[in-house]
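*Asks:* Before we start, here is the structure in question, set down as structure tokens.
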Amino acid sequence: MSKLQIIMIIASFIFLLAILFSLRKNSMSIKNSIAWLLLPIVLLLIAIFPTPIETLSHFLGFEVLSNFIFLIIIGLLVIICFYLTVTISQLQTKITKLIQEIAILKKNDHDKKSK
Amino acid sequence: MPKSKVLIIIPAYNEQESIKKTVTEVQKTGYDFVIINDGSTDNTKRILADNNYPFIDLPFNLGIGGAMQTGYKYAHQNNYDIAIQFDADGQHNKSYLKDIINPIENSKANLVVGSCFIDKTTKTRRSSAIRTFGIKSLSNIIRIFSGKRIYDPTSGFRAADKSTIALFANNYPLEYPEPISNFEILKFSNLKIKEVPVTMSKREQGKSSIHSWKNFYAAFNVFLSIIILSLRRKHE
């Protein structure tokens, strides 16, 4: 087993533990954790069964295996970032609506009281 | 003809210097009005409360789009026939109010825009060369993508009828709301926009929500929004 494999296995385990811990503490919803769970699981699979990835990496013309792994991780991160931006936009819309509704309710309430 | 129920919406963000003067002017017209305090950090809210002005207090700053939409929602819920956007900084003149209300009362338009560019008699502070150029290009872009012409797409002096109020209450752009909502109406709805000539005065106090160094960025942003919106299907 190469050094890279050992580092990847350890890192994946730490990462998985961190995710599971925050799930247990309820600081991350299960729905939102799926994308993050995918990342260490993919890493772990690559570390334990490196042969198919090595073959694919060689086939695609990567000179070093680690470069191909970097690419996979960056790809997953880009997907997660994109998903986060979509979520933030949806939240912004919802917050805007809430602020507007609350402000109008406050005004109606104030009008009722002063009558 | 029964007189229509008119609401003047005055969005205010940090307008402590000018809000009282503007409201005093608006009060003289006799129309209903409401001020939207967009999370001001100065004394705007205190001035509004002390003078017993009718106002809606947003707990956080939403920006001009979110603030104006609050006004349209309020107008919609309270069944107003006409809602008018009126700036708190004193650049809109109350003597033009009847001009922008008239076309709606005579069913000539669903949205009336007080325009500085419709004819040559209404020269204003807006007529700096670069600004005029920017607004002209914006007007051209809107024409290319919607097939219809609006001469002053950035004017914040607008009157909306019932169907436009309903539309805005439901869907109003948060950033650069005037050019984008004008475009959306021209492109996606059957509502009619009419421009009437108005003169706007120099801002009396405060800074414009669009700072000069940001103008280029703003124009780019609006162009991009228009292109992206054009790719969308007609929305309900």
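*Asks:* Report, in degrees rounded to the nearest 10, the 0 to 90 angle that the Cα long axis of helix A:30-48 makes with the longest principal axis of chain A.
*Replies:* Once rounded, one gets 10 degrees.
*Asks:* If you don't mind, there's one more thing I want to ask. Near the amide H of B:I8, under 5 Å away, which other amide H atoms are found, from residues 5 or more places off or on another chain, if H is placed in the peptide plane?
*Replies:* B:D32, B:F33, B:V34, B:I84
*Asks:* On full extension of the chain, what length is gained from B:N102 through B:Q77, given 0.36 nm per residue of separation minus the C-alpha to C-alpha distance? Show your work: numbers first, answer last.
*Replies:* Details: separation 25, 0.36 × 25 = 9.00 nm, distance 2.29 nm.
So the extension gain works out to 6.7 nm.
*Asks:* Mind listing the phi-derived Karplus ³J(HN,Hα) values for the stretch A:63-76, rounded to whole Hz, using 6.51, -1.76 and 1.60 with θ = phi - 60°, and x for any glycine or proline?
*Replies:* 6, 10, 4, 4, 4, 5, 5, 3, 4, 4, 5, 4, x, 4
*Asks:* Might you report the magnitude of the Cβ-based charge dipole of chain B about its Cα centre, with Lys and Arg at +1 and Asp and Glu at -1, to the nearest 20 debye? Please list the in-between numbers first.
*Replies:* Values: 32 positive and 22 negative charges, 164 e Å.
Charge dipole of chain B: 780 debye, to the nearest 20.
*Asks:* Right, something else. Do me a favour and compute the ellipsoid semi-axes for the protein assembly as shown from its Cα gyration tensor, root of five times each eigenvalue, largest one first, whole Å.
*Replies:* Working: eigenvalues 524, 130, 65 Å².
The answer is 51, 25, 18 Å, longest axis first.
*Asks:* Another one. Quick one: work out the % antiparallel among DSSP beta bridges in chain B, nearest 5. Write out the running numbers ahead of the final one.
*Replies:* Numbers: 6 of 25 bridges.
Counting DSSP beta bridges with both partners in chain B, the antiparallel share is about 25 percent.
*Asks:* Considering the options B:Y72, B:H92, A:I80, tell which one lies farthest towards the positive end of the dipole of the protein assembly as shown, charges being +1 on Lys and Arg and -1 on Asp and Glu at the Cβ, about the Cα centre.
*Replies:* B:H92
*Asks:* Additional query: Going by a ≥ b ≥ c, the root eigenvalues of the Cα gyration tensor, does the stretch B:6-231 fall in the rounded group (a/c under 1.5), the prolate group (a/b larger than b/c) or the oblate group?
*Replies:* On the way: a/c = 1.44, a/b = 1.29, b/c = 1.11.
Verdict is rounded for the stretch B:6-231.
*Asks:* Right, next: Would you list B:V222, B:V112 from fewest to most Cβ contacts within 10 Å? Walk me through the numbers before you get to the answer.
*Replies:* Details: B:V222 23, B:V112 26.
Going from least to most buried by this count: B:V222, B:V112.
*Asks:* Calculate the spin-label point distance for A:K25 paired with A:K106, positioning each point 7 Å from the Cα along the beta-carbon direction, and give it in nanometres.
*Replies:* 3.2 nm
Quick note: the coordinates plus some simple rules give every number you see, no bench work behind them. Everything numeric in this text was worked out from a predicted model, so none of it was measured. A quick note on method: Cβ atoms are made from the backbone with ideal geometry, for glycine too, and the neighbour counts reach across all protein chains shown.
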